[in-house]
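Below: the structure, in structure tokens.
The values are calculated or read from the model by the stated rules, or taken from the named source; none is laboratory data. Computed from a predicted structure; not experimentally measured. All Cβ positions, even for glycine, are placed from backbone atoms using ideal geometry, and neighbour counts span all protein chains on display.
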Amino acid sequence: MDYPQICNVMKGEINNEWFAAWFDSPAYHILYGNRDSDEALNLIKNLDKILSSEVEKVLDVGCGAGRHVVAWEKLGYKASGFDLSSESIRLAISKPSNADFRVLDMRDLKNQTEWTDEFDLISNLFTSFGYFSKEEEHKSVLIGFNHALKLDGLLILDYLNVPYSQSRLVPSEVVNIDNYSFMIERYLKDGFFQKSISFKSPEGEEFNFIEQVRAWTASDLKILLLDVGLQTEKIFGDYDLGDFSDDSPRCIIVARKILDL
């Protein structure tokens, strides 16, 4: 079994494009393959309750294996989704669904001319943003959100909540799945939450992958969004759409497109 090398094992130096290889690796799908479709459907049902009947076309950005896209579709929305990982999209396409799934880098969304002003709503869920090393790359993604949304359309951005995540950070743990034993270390470094994942392949070869996501607060995100014409209207704190506070497990922003760029 082949595994991409995400970082220098000895030095722990992260590859700025770590997500491109990691999300397509067998190890990623083994470690995260148990994500719950029922949880996804529950979140989408809760979001459905706060949306107007005018919302019809939904784009899920960073859709992974498509669990949220399928949930949107089950509730009657015309749903599309894309992900950088061809393996995730292969899994998404295998689901019983009529959704449009594509392999696409979210930084290239702004260049998809057929999607200009196309969607009533964009969802970006389960912290599927904040991976990049350069600020202009993140801004490029947000410009893409503006580009693909109709004027007055909505963005739902589900992000980690920094105070909550920092106070409950588990420094290290071992996760055993099938024949794999993943050694996981978590830390805050240079403005990123980082997760180092070490394990041995079935052939006994050692690997060390590093994930990272920007430690943006709710205030940071509101500023980033407004800078690209997306005005925050509401922030929820969990998947039941409870009130947001420092003790909330999630930071779920609902923002409206107020101008074209």
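The residue list Lys195, Lys200 contains one member that is outside the structural domain of Ala148 (by TED's automatic domain parsing), touching a Lys or Arg at 6+ places or on another chain (Cβ under 7 Å) and under 29 Å from Leu31 (Cα atoms), which is Lys195. Please verify whether the range 22-43 includes one or more residues that are modelled with pLDDT of 90 or more, aliphatic (A, V, I, L, M) and buried (at least 19 other Cβ atoms within 10 Å of the Cβ). Yes, the range 22-43 contains a residue that is modelled with pLDDT of 90 or more, aliphatic (A, V, I, L, M) and buried (at least 19 other Cβ atoms within 10 Å of the Cβ). What tally of residues in the range 70-101 results from selecting those that are of a type in the set (Phe, Trp, Tyr) and at pLDDT below 90? Going through the range 70-101 one residue at a time, the tally reaches 0.
Figure legend. Inter-residue proximity from the range 44-69: first residues at pLDDT 95 or above, second residues of a type in the set (Phe, Trp, Tyr) and part of a loop (DSSP other than H, G, I, E, B), beta-carbon distance below 6 Å, spacing 6+ or different chains. Indicated pairs: Val58/Tyr77. Quick check: anything in the range 61-81 of a type outside the set (Phe, Trp, Tyr), in contact with a His (Cβ under 8 Å, 6 or more places away or on another chain), assigned to a strand (DSSP E or B) and within 27 Å of Thr232 (Cβ to Cβ)? Yes. The one condition from (1) within 17 Å of the chain's Cα centre (by Cα); (2) closer than 17 Å to Gln212 by Cα that Ser172 does not meet is (1).
The residues of the range 89-99 that are closer than 22 Å to Ser25 by Cβ and part of a loop (DSSP other than H, G, I, E, B), listed by number, are Ser94, Lys95. Residue count for the range 119-134 under the criterion of being at pLDDT below 95 and over 16 Å from the mean Cα position of the chain (by Cα): the result is 1. Annotation for the range 220-227: no member residue is outside the structural domain of Glu185 (by TED's automatic domain parsing) and assigned to a strand (DSSP E or B). State whether the residues of the range 148-162 include one that is closer than 30 Å to Ser53 by Cα and among the β-branched types (Val, Ile, Thr). Checked the range 148-162: at least one residue is closer than 30 Å to Ser53 by Cα and among the β-branched types (Val, Ile, Thr).
If you go through the range 71-93 and keep only what is surrounded by fewer than 24 Cβ atoms within 10 Å (Cβ to Cβ), under 15 Å from Leu43 (Cα atoms) and of a type in the set (A, V, I, L, M, F, W, C), you end up with just Leu75.
Among the residues making up the range 240-251, a single one is buried (at least 20 other Cβ atoms within 10 Å of the Cβ) and either farther than 19 Å from Gln194 by Cβ or not hydrophobic (A, V, I, L, M, F, W, C) (or both): Arg250. For the range 185-209, filtered to residues that are touching a Phe, Trp or Tyr at 6+ places or on another chain (Cβ under 6 Å) and closer than 21 Å to Glu137 by Cβ, the residue that is surrounded by the fewest Cβ atoms within 10 Å (Cβ to Cβ) is Gln194.
The residues listed here are Asp48, Asp60; of these, the one that is among the charged types (D, E, K, R) and surrounded by fewer than 24 Cβ atoms within 10 Å (Cβ to Cβ) is Asp48. Scanning the range 230-261 for residues that are in contact (Cβ under 8 Å) with a residue 24 or more places away in the chain and among the small types (Gly, Ala, Ser) yields Gly237, Ser248, Ala255. When the strands (runs of 3 or more DSSP E) confined to the range 100-181 are screened for residues that are touching a residue at least 40 places away in the same chain (Cβ under 8 Å) and either surrounded by 20 or more Cβ atoms within 10 Å (Cβ to Cβ) or among the basic types (Lys, Arg) (or both), those reaching at least 2 such residues are found at 119-124, 149-160.
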